[in-house]
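The values are calculated or read from the model by the stated rules, or taken from the named source; none is laboratory data. The shown structure was predicted, so the numbers you read here are calculated from the model rather than taken from an experiment. Using ideal geometry, Cβ is built from the backbone for each residue, glycine included, and neighbour counts are taken over all protein chains shown. Just the protein is used for accessible areas: all its heavy atoms, side chains included, with ligands, DNA and RNA removed. Shrake-Rupley method; radii C 1.70, N 1.55, O 1.52, S 1.80 Å.
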Amino acid sequence: MPEKTADQRVHAAWRSRACAASFACGASVFAFGAGIAMPLSLNAVWLSALPCVPLCALAAARCVVLSRRIQAGGGMRKWRAALLAAVMLASCAFLTASLVSLAGYTLLEQARAVSCALLTVGFLLAAAAPRMQGVSRLCFAVRFVLPAAMLLCGLAFLPQRDSPGLYPLLGPGAGPVLAGTAAMLSCAAPALMLLLPLTSSRVSDAPTPPIMLFAGRAAAGAALGTALLLLYALPGGYEAMRARSVWGERLTFPLSGGAQQPLIRMLMLLLQLFALQLGAVSLLCAAEDALCLALPALRKHRAGLLLCAAALAALMLLLTHAGYTAALIAAPLIALPAALTLLPALSPRGAGKEACG
């Protein structure tokens, strides 16, 4: 019975971790779609995001298989852990920039961009204090409520009359849609947090849940982001989409239908901010865990978290001075180190060299 209880506890921890990856993937799909793909594919942004659903599922499944091989070989090599930390931190920086852009365009129009960025990083640091299991449990607790609330609020933005029809949803052509899809490949990077072991668990040899659980959760998060992009693209035509030139404006839903009511607009905005925060905190915690795998000495006094937060603050200050357009240009490049992170592990005969440390 004690072994069964321990296995159930580890299984629950993995389910919570899968929920955190799901929220991070969903937030990244929407942020990449509205921020990067929408200027390319316009109303067909949901078509550009659609391939990200199986991509996130495949990335999650690959992470689980690779994680099992790595753990069977003794642990993760330092180069892989360091590369994973860089991918998680870069993805966190993009979601943080999206969060600051959305808040700055809506709630904090008169605030300085530097102050907003530093306050956001401070909030993420405080939220990451309970480690990965804290934000994972929160994601698990709201896994049904938050997506349902966002979809219901998104339905309120549908046009009740003067609809442009379904033709704009097909986009301006295959070329722009494919370009938008290529720019969104990096939104599957948050699924790589499933490579990390359960550092909080005392049972190291407990079996992990089936691969389909992780792949299904990652796909569900990406599907939610795609569905929100579809609701986002329905109200207006090409001209309305082209007019949304500011990043923060592109992250807000167009006003139409019942969304003319301030309460619905504010509720949707708060839900968007909360979802982006959950994704960013999950990625920050994952970056800390990966960095501590590469440099175990950083576990002392949470030095790994402080170092990741300092790097995130430096990135945000750099983006504030250089302009957030730099983040939109650099974000698709996250796919390159993410692909390197998923390189095959060593064969069982040489797997002992895969150990970290």
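Just one of the listed residues (326, 331, 338) is without any contact (Cβ under 8 Å) to a residue 60 or more places away in the chain, part of a helix (DSSP H, G or I), open to solvent by less than 50 Å² (accessible area, probe 1.4 Å) and within 30 Å of residue 172 (Cβ to Cβ), and it is 326. Do the conditions hold for residue 218, that is, is it open to solvent by less than 10 Å² (accessible area, probe 1.4 Å), of a type in the set (A, V, I, L, M), at pLDDT 90 or above and in contact with a Leu (Cβ under 9 Å, 6 or more places away or on another chain)? Yes; evaluated as a whole, the condition is true for this residue. Go through the residues of the range 299-308 one by one and say whether even a single one is surrounded by 19 or more Cβ atoms within 10 Å (Cβ to Cβ) and touching a residue at least 40 places away in the same chain (Cβ under 8 Å). Yes, because at least one residue in the range 299-308 is surrounded by 19 or more Cβ atoms within 10 Å (Cβ to Cβ) and touching a residue at least 40 places away in the same chain (Cβ under 8 Å).
When the helices (runs of 4 or more DSSP H) confined to the range 1-109 are screened for residues that are open to solvent by 10 Å² or more (accessible area, probe 1.4 Å), those reaching at least 3 such residues are found at 2-32, 52-72, 78-106. The set of residues from the range 82-120 being closer than 25 Å to residue 216 by Cα and in contact with a Cys (Cβ under 7 Å, 6 or more places away or on another chain) comprises just one member, 89.
Rundown of residues vs (1) without any contact (Cβ under 8 Å) to a residue 12 or more places away in the chain; (2) closer than 21 Å to residue 60 by Cα; (3) in a helix (DSSP H, G or I), yes/no style:
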| residue | (1), (2), (3) |
| --- | --- |
| 118 | no, no, yes |
| 123 | no, no, yes |
| 143 | no, yes, no |
| 172 | no, no, no |
| 176 | no, no, yes |
| 182 | no, yes, yes |
| 190 | no, yes, yes |
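Checking each residue in the range 131-151 for being open to solvent by 70 Å² or more (accessible area, probe 1.4 Å) and within 16 Å of residue 283 (Cβ to Cβ) picks out 131, 138.
Taking (1) within 20 Å of residue 30 (Cβ to Cβ); (2) part of a loop (DSSP other than H, G, I, E, B); (3) open to solvent by less than 40 Å² (accessible area, probe 1.4 Å) in turn, residue 154 satisfies each apart from (2).
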